[in-house]
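Chemist: Shown below is the structure under consideration.
The values are calculated or read from the model by the stated rules, or taken from the named source; none is laboratory data. Given the structure is predicted, the values throughout are model-derived calculations rather than measurements. Don't worry about glycine lacking a Cβ; one is built from the backbone with ideal geometry, like all the others, and counts go over all protein chains shown.
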Amino acid sequence: MNAKNLPWDMEVDVLVIGAGGCGLTAAIAAHDEGAQVAIVEKRDQPGGNTSLSTGSIPGAGSRFQKAAQIQDSPEVMMTDLARVAGSHDLSDVSDMLARISAELCEWLVDCVPARMSLITDYCHVGHTVPRLHAPASRRGQDLMDDLLAGVQRRDIPLAVGNPVQSLLTSPQGEVIGALIGGKGVESTRIKAQKVILACNGFAANRDLVKEFCPEIAGAEYFGALGSQGEAVQWGRELGAGFANMAAYQGYAAVAYPHGSLLSWTTLEKGGILVNADGERFGNEDLGYSGYARMVLAQHREVFAIFDDRIKAIADKEDEFRELVDLGGIKSASTVAELASLFKLPADALTRTLDTYNQAAAGKVKDTFVRSKFGLAPLQSTYWICRVTPGLFHTQGGLAIDTSAHVLKRDGSRIPNLFAGGGAAGGISGKSGAMGYASGNGLLTAIGLGYLGGRAAAKELKEASGRQP
């Protein structure tokens with residue numbers, strides 16, 4: 001919307017739209033580079049998808065890896081991400097995020113500060129070495145709490161319950177601020193020299209999901225309620241380009257009916273997924289995102305099965321322990337007892353486990369060409385959890401460059417506009433969910449917030465330095 005000749009209600013150097021992990025990171029990064037920053041959030045509390053995540057961010061070559069004697073580098077991470085995602089619209093952004101990933105994790109710990117450590121128990125989906133850094137609880141809310149504390153410590157204004165109605169532009173097409181205000185509330189005009197969109201993706205907008213990600217449109221959405229796709233709408237109005245719009249992150253094992261994530265550790269370490277006939281239906285090595293559409297295709301109940309040894313590893317995660325306490329995961333000493341818990345056909349389930357265990361022991365080739373069996377063959381005591389597939393967030397969004405500037409369809413920059421997290425295109429491939437590596441969502445949220453916030457503030461410094 002072109003700004004009319006009306007007075008401004010507030011002026012800031014950098015306006016951040018959205019108070020999830022991306023927005024809070026952008027605000028802190030811009031502030032620490034000397035900018036005056038304000039954050040607006042449409043929901044009544046900060047959080048977004050960061051709060052619902054495991055808080056895990058990959059960092060290649062961090063000092064925490066070196067202390068654990070783990071050999072890694074940005075180049076190895078680039079190769080891993082490219083192998084999983086293939087060629088896509090933002091490969092240059094993916095490489096940049098890999099290059100700054102160690103710096104990012106160390107900055108979070110040292111400067112925010114955030115309580116994070118390296119996960120060394122195992123490699124995560126898509127990664128060839130342990131490189132994910134996360135809160136000890138594996139809860140994204142803990143990371144959010146630390147970011148919020150960092151914002152408060154710096155006295156950065158944060159206004160919740162303040163949705164952005166539109167971006168304001170000059171006659172020359174430069175973004176110069178935003179119109180803020182909900183229903184029944186008088187609108188506020190905020191002037192900003194730089195605007196950073198951190199307002200999440202469009203996974204909660206069924207029409208946009210059907211338009212861009214039809215293969216997962218039938219899955220229940222389990223992400224943040226605010227993911228309504230405002231950035232897509234504003235981008236269209238401004239002539240922005242879009243990137244990787246058909247890509248998304250799914251989750252193949254949402255505990256049903258509890259709605260919490262069943263830790264994928266249970267599958268990575270050797271567990272399996274079976275349908276209501278007690279049969280496997282694919283290669284669990286595909287990972288929690290890529291496997292989601294296969295679970296959706298069953299059109300009926302699906303169950304995760306693992307054993308006591310695997311449960312002991314997953315027990316390190318708070319959310320998993322809570323799920324056990326709520327009765328969402330049940331145990332049995334025999335396969336027959338396991339089958340009876342959810343009225344699965346005992347004979348079929350016995351055949352499935354026997355065949356799988358033989359493959360895990362190297363006696364036969366796995367029917368679905370699984371190659372990583374973790375602790376399998378599975379053995380008593382067994383555990384089972386009923387699961388459903390979910391859509392967690394979209395991986396497409398506004399086209400950006402390696403500093404998080406939003407780009408027009410011709411590749412030129414939209415002046416003064418930045419984007420990160422779900423508002424920007426992601427690095428998980430051009431389409432579908434197979435390109436998602438663990439931590440990609442938070443890497444683009446926190447990483448692009450960091451890059452965009454710093455770039456916005458530095459550009460303001462440079463512009464100020466040129467003035468007489």
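Chemist: Does the stretch 144-161 contain at least one residue that is within 19 Å of the chain's Cα centre (by Cα), within 22 Å of residue 426 (Cβ to Cβ), assigned by TED's automatic domain parsing to the domain that holds residue 240 and crowded, with 22+ Cβ neighbours inside 10 Å? Don't jump to the end; show me each part of the working.
Modeler: At the first step, the residues of the stretch 144-161 found to be within 19 Å of the chain's Cα centre (by Cα) are 144-148.
Narrowing further to those that are within 22 Å of residue 426 (Cβ to Cβ): 144, 147.
Subset that is assigned by TED's automatic domain parsing to the domain that holds residue 240: 144, 147.
Within this subset, residues satisfying the condition of being crowded, with 22+ Cβ neighbours inside 10 Å are 144, 147.
So far as the stretch 144-161 goes, yes, one or more of its residues are within 19 Å of the chain's Cα centre (by Cα), within 22 Å of residue 426 (Cβ to Cβ), assigned by TED's automatic domain parsing to the domain that holds residue 240 and crowded, with 22+ Cβ neighbours inside 10 Å.
Chemist: Among the candidates 323, 261, which residue alone is under 22 Å from the mean Cα position of the chain (by Cα), at pLDDT below 95 and assigned by TED's automatic domain parsing to the domain that holds residue 386?
Modeler: Within the list 323, 261, the selection yields 261.
Chemist: State whether the residues of the stretch 9-30 include one that is under 15 Å from the mean Cα position of the chain (by Cα), among the small types (Gly, Ala, Ser) and more than 20 Å from residue 178 (Cβ to Cβ).
Modeler: yes
Chemist: For the stretch 256-315, give me each residue that is among the charged types (D, E, K, R) and part of a helix (DSSP H, G or I).
Modeler: Of the stretch 256-315, the ones among the charged types (D, E, K, R) are 268-269, 277, 279-280, 284-285, 293, 300-301, 307-309, 311, 315.
268, 284, 285, 293, 308, 309, 311, listed by residue number.
Chemist: Given (1) surrounded by fewer than 17 Cβ atoms within 10 Å (Cβ to Cβ); (2) of a type in the set (Phe, Trp, Tyr); (3) at pLDDT 95 or above, where does residue 64 come up short, assuming only one miss?
Modeler: Checking residue 64 against (1) surrounded by fewer than 17 Cβ atoms within 10 Å (Cβ to Cβ); (2) of a type in the set (Phe, Trp, Tyr); (3) at pLDDT 95 or above, the one that fails is (1).
Chemist: Only residues that are surrounded by fewer than 20 Cβ atoms within 10 Å (Cβ to Cβ) and either under 23 Å from residue 139 (Cα atoms) or in contact (Cβ under 8 Å) with a residue 60 or more places away in the chain (or both): list them for the stretch 67-88, please.
Modeler: 68, 70, 86, 87
Chemist: Step by step: first the residues of the stretch 150-178, then only those that are part of a helix (DSSP H, G or I) and without any contact (Cβ under 8 Å) to a residue 12 or more places away in the chain, then the one that is nearest to residue 234 (Cα to Cα). Which residue is that?
Modeler: Across the stretch 150-178, the extreme among qualifying residues is 152.
Chemist: Take the stretch 181-208 and flag every residue that is surrounded by fewer than 23 Cβ atoms within 10 Å (Cβ to Cβ) and of a type in the set (A, V, I, L, M).
Modeler: Taking the stretch 181-208 first, the residues surrounded by fewer than 23 Cβ atoms within 10 Å (Cβ to Cβ) are 181-189, 191, 193, 204-208.
The answer is 185, 204, 208.
Chemist: So which of 93, 14 is over 16 Å from residue 426 (Cα atoms), touching a residue at least 40 places away in the same chain (Cβ under 8 Å), surrounded by 16 or more Cβ atoms within 10 Å (Cβ to Cβ) and of a type in the set (Val, Ile, Thr)?
Modeler: From the options 93, 14, the qualifying one is 14.
Chemist: Would you confirm whether any residue within the stretch 56-74 is under 23 Å from residue 227 (Cβ atoms), in the same structural domain as residue 112 (by TED's automatic domain parsing) and not in a loop (DSSP other than H, G, I, E, B)? Give the steps one after another, and end with the answer.
Modeler: Start the filter on the stretch 56-74 by keeping residues that are under 23 Å from residue 227 (Cβ atoms), which leaves 56-58.
When the remaining residues are screened for being in the same structural domain as residue 112 (by TED's automatic domain parsing), the result is 56-58.
With the extra rule that they be not in a loop (DSSP other than H, G, I, E, B), the set shrinks to 57-58.
Among the residues of the stretch 56-74, at least one is under 23 Å from residue 227 (Cβ atoms), in the same structural domain as residue 112 (by TED's automatic domain parsing) and not in a loop (DSSP other than H, G, I, E, B), which makes the answer yes.
Chemist: Going through the stretch 350-373 one residue at a time, which ones are part of a helix (DSSP H, G or I) and under 34 Å from the mean Cα position of the chain (by Cα)? Working first, answer last.
Modeler: Step one: filter the stretch 350-373 for residues part of a helix (DSSP H, G or I), giving 350-360.
Matches in the stretch 350-373: 352, 353, 356, 357, 359, 360.
Chemist: Being among the basic types (Lys, Arg) and either touching a strand residue (DSSP E or B) at 6+ places or on another chain (Cβ under 6 Å) or crowded, with 24+ Cβ neighbours inside 10 Å (or both) is the filter here, so list the residues in the stretch 288-314 that pass it.
Modeler: Selection gives 311 alone.
Chemist: I've got another one for you. Filter the stretch 428-468 down to residues that are without any contact (Cβ under 8 Å) to a residue 60 or more places away in the chain and in contact with a Phe, Trp or Tyr (Cβ under 9 Å, 6 or more places away or on another chain), then give me how many there are.
Modeler: Within the stretch 428-468, residues that are without any contact (Cβ under 8 Å) to a residue 60 or more places away in the chain and in contact with a Phe, Trp or Tyr (Cβ under 9 Å, 6 or more places away or on another chain) number 1.
Chemist: While we're looking at this one, here's another question. Do you know which residues across the stretch 110-137 are touching a Gly at 6+ places or on another chain (Cβ under 6 Å) and at pLDDT below 95?
Modeler: 125
Chemist: Does the stretch 20-47 hold any residues that are closer than 16 Å to residue 450 by Cβ and either of a type in the set (Gly, Ala, Ser) or in a loop (DSSP other than H, G, I, E, B) (or both), and which are they?
Modeler: Listed by number, the residues that qualify are 20, 21, 23, 26, 27, 29, 30, 33, 34, 35.
Chemist: Would you please name the residue that is surrounded by the fewest Cβ atoms within 10 Å (Cβ to Cβ), looking only at residues in the stretch 270-287 that are charged (D, E, K, R) and at pLDDT 95 or above?
Modeler: 277
Chemist: Any residue in the stretch 182-197 that is in the same structural domain as residue 456 (by TED's automatic domain parsing), in contact (Cβ under 8 Å) with a residue 60 or more places away in the chain and in contact with a His (Cβ under 6 Å, 6 or more places away or on another chain)?
Modeler: Within the stretch 182-197, not a single residue is in the same structural domain as residue 456 (by TED's automatic domain parsing), in contact (Cβ under 8 Å) with a residue 60 or more places away in the chain and in contact with a His (Cβ under 6 Å, 6 or more places away or on another chain).
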